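J.: Pasting a structure below so you can have a look.
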Amino acid sequence: MLDLKRFGQEQLLQFWTEISAESKKKLESQIDSIDFAYLNELAAELVLQKKNIELPKELLPPKVFPAIPDSPDLSKLYEEAVAHGKNLLRGGKVAVLTVAGGQGSRLGYDGPKGKFPISPIRNKPLFQYFAEKIKRASEKYSHKFLWFIMTSESNDAETRRFFEENNYFGLSQDTVIFFVQGMMPAIDYSGKIILEAKDSIALSPNGHGGTLLALAKSGALAKMRKNSVEFISYFQVDNPLVSPLDPLFIGLHSLEKSEMSSRSLSKTGPNEKLGNFCVSDGKLCIIEYSDMPSELTEKRRSDGRLLFEAGSPAIHVFSVAFIERLTQDGKLKLPWHRADKKVPFIDAAGNLVKPEKTNAVKLETFIFDALPFAENTLILEARREDEFSPVKNPDGVDSIVSCRRMMVEKDASMLEKVGVKIPRDAKSSPLCKVEISPLSFLDEEDLALKFRKSSCPILEAGKEYYFE
Ligand code: UTP
């Protein structure tokens, strides 16, 4: 066993004589997994002092490819990109990656967030909704896409069980690959690692930045290479609106020789809680909303638009070679971010205490901090209503309620585009509930095929319609 005194962390063993042999083993293996010298360094820098975020001196707004092409040249480029993207999809050059290791604390749902039933009529869980999109894409492009799902130690077993119990939602079991991200101990304000039980350290997932190293360490990158995968389409488990395999985005990434590409949204206002795309020293980066001073977020252009209007919905395409390069020596030093949390702990008398105020720091890395390491990057704007409605909270902004509403809106618009008549109120919201099964209709192209053959229905207010 390590000499914990040397690192000032001997409190981890304060109940050692009381715990069983099995508990000793468990605690020992947690202790062995921690690099104490490094952790103490981080604690000194980020916990014992609240380091002010050092923003680069000059931040500029980035160049963004608009969602709708605004010139004939751009229209041509997008057409080429779509065709190229479809070829890459057909050629099996793309894999899907979903990060699902988070704790979903704001949602307050008991279980992995991907199990949350989200679709407005059938209540399909998030994982099922993505699985159906991927299945339909596999038919469309005649290729069984590999789907990598990142879990954490806390939700890995339950996530795998959910897929098994549901027969992988119709996907081949060997195409769904789970891999587990790293954990970080919670540190109290005096720099000590917290025990959440007499035999257990308070550990939490190390942030979605942990994805890159976990991909390398788990053998997922090697598996991609073995299967000739060159590009990874990345999104978060709580955004059912996303297109998991978008030919335009993937094609543009490849044509422009980008190593890491991102979708952007036009922010709803200066305070929207989205990372801000900025350029610093010629490099694209994302600055968290909480780190961006208001004099920058509120700055406007002469036409009234926000100067930093591009926010990040956390949708990216990565080149496999880029992640290989970043992780080649088994290390990846992304910056750590501090989050103050209420972490339950065991007091000296051995009682569990649930603090009422924040008492500890959790450290996380963010995947978007990889952007400045890329030689080439690009941003493609997305239409929010098409691509982004995260389930973060039970109600209010970015909630179950707003997400289901946007799912209905998106499906209603797609149906209207192919000629289905949808009743709408004065504010143009649909007066009936609709849900399109992604298993049958991935996009407008699929819907158009159906309604070209049969006549277009006229939907009635107050009713529910499921299209499959
Ligand atoms: P969030 O930052 O929204 O965190 O994660 P969360 O854990 O889902 O929710 P809160 O903040 O506790 O309420 C955005 C995405 O990144 C994944 C999440 O699963 C989600 O898809 N994520 C986050 C990870 O995979 N690992 C992490 O360590 C953190």
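J.: Show me the three semi-axes of the equivalent ellipsoid for the range 323-378, from the C-alpha gyration tensor (sqrt of 5 times each eigenvalue), largest first, rounded to whole Å.
T.: Values for the range 323-378, descending: 37, 14, 6 Å.
J.: Mind ranking 292-303, 252-263, 400-411, 337-348 by how tightly packed they are, going by the mean number of other C-beta atoms within 10 angstrom, highest first?
T.: Going from most to least packed, we get 252-263, 400-411, 337-348, 292-303.
J.: Now a separate question. Could you work out the pair-distance distribution P(r) of the range 131-187 from its alpha-carbon pairs, with 10 angstrom bin width and percents rounded to whole numbers?
T.: 22, 45, 22, 9, 2
J.: Same structure, new question: Take peptides 200-210, 264-274 and line them up by average Cβ neighbours within 10 Å, highest first, as a rough protection proxy.
T.: The packing order, highest mean first, is 200-210, 264-274.
J.: Quick check: net charge around F179, other residues with Cβ under 13 Å of its Cβ, Lys/Arg +1 and Asp/Glu -1?
T.: Neighbourhood net charge equals +1.
J.: Stretched out fully, how many nm does the piece from D329 to E385 gain, at 0.36 nm a residue minus the Cα gap?
T.: 16.1 nm
J.: For the chain, give me the percentage of DSSP beta bridges that are antiparallel, rounded to the nearest 5 percent.
T.: Just about 55 percent of them are antiparallel.
J.: Where does the chain land at 222 nm, in deg cm²/dmol rounded to the nearest 500, when only DSSP H runs of n ≥ 4 count, each adding -39500 (n - 2.57), divided by all residues?
T.: Mean residue ellipticity, 222 nm, calculated: -8000 deg cm²/dmol.
J.: Taking each pair of different alpha-carbon atoms in the range 127-285 once, compute 1/r for the pair, average those values, and report the inverse of that mean as the Kirkwood hydrodynamic radius in Å to one decimal.
T.: Result for the range 127-285, one decimal place: 18.5 Å.
J.: Still on this structure: Below 21 Å, Cα to Cα, which lysines can K133 reach? Residues fewer than 8 away in the same chain don't count.
T.: K133 reaches K86, K93, K113, K115, K124, K144, K410, K417, K433, K450.
J.: Moving on to the next point. Filter the chymotrypsin sites (Phe, Trp or Tyr not before Pro) in the range 26-130 to those in DSSP coil with at most 16 other Cβ atoms within 10 Å of their Cβ, and list the result.
T.: Those that pass, being in a loop and sparsely packed, are Y109.
J.: Let me ask something additional. For the range 1-152, what size does the Cα cloud have along each of its three principal axes, sorted from largest down, in whole Å?
T.: Answer, in whole Å and largest first: 71, 48, 33 Å.
J.: Ranked highest first by average number of other Cβ atoms within 10 Å, how do 163-171, 86-94 line up?
T.: 86-94, 163-171
J.: Kirkwood Rh, Cα Rg: Rg to Rh for the range 388-468?
T.: 1.00
J.: Still on this structure: Please compute the alpha carbon radius of gyration of the range 242-285, then divide it by the globular-protein estimate 2.2 N^0.38 Å. Two decimals is fine.
T.: 1.39
J.: Still on this model: Assign unit charges at the C-beta atoms only (+1 for Lys and Arg, -1 for Asp and Glu), then state the dipole size of the chain relative to its Cα centre in Debye, rounded to the nearest 20.
T.: Magnitude of the dipole: close to 640 debye.
J.: Based on the Kirkwood radius over alpha-carbon pairs, what value in µm²/s does the Stokes-Einstein equation return for the translational diffusion coefficient of the chain at 20 °C and 1.002 mPa s?
T.: 89
Coordinate-derived values only; no laboratory data. What you see is a predicted model; the values in this text were computed from it and never measured. Positions of Cβ are generated from backbone atoms using ideal geometry, with glycine treated the same way; all protein chains shown enter the neighbour counts.
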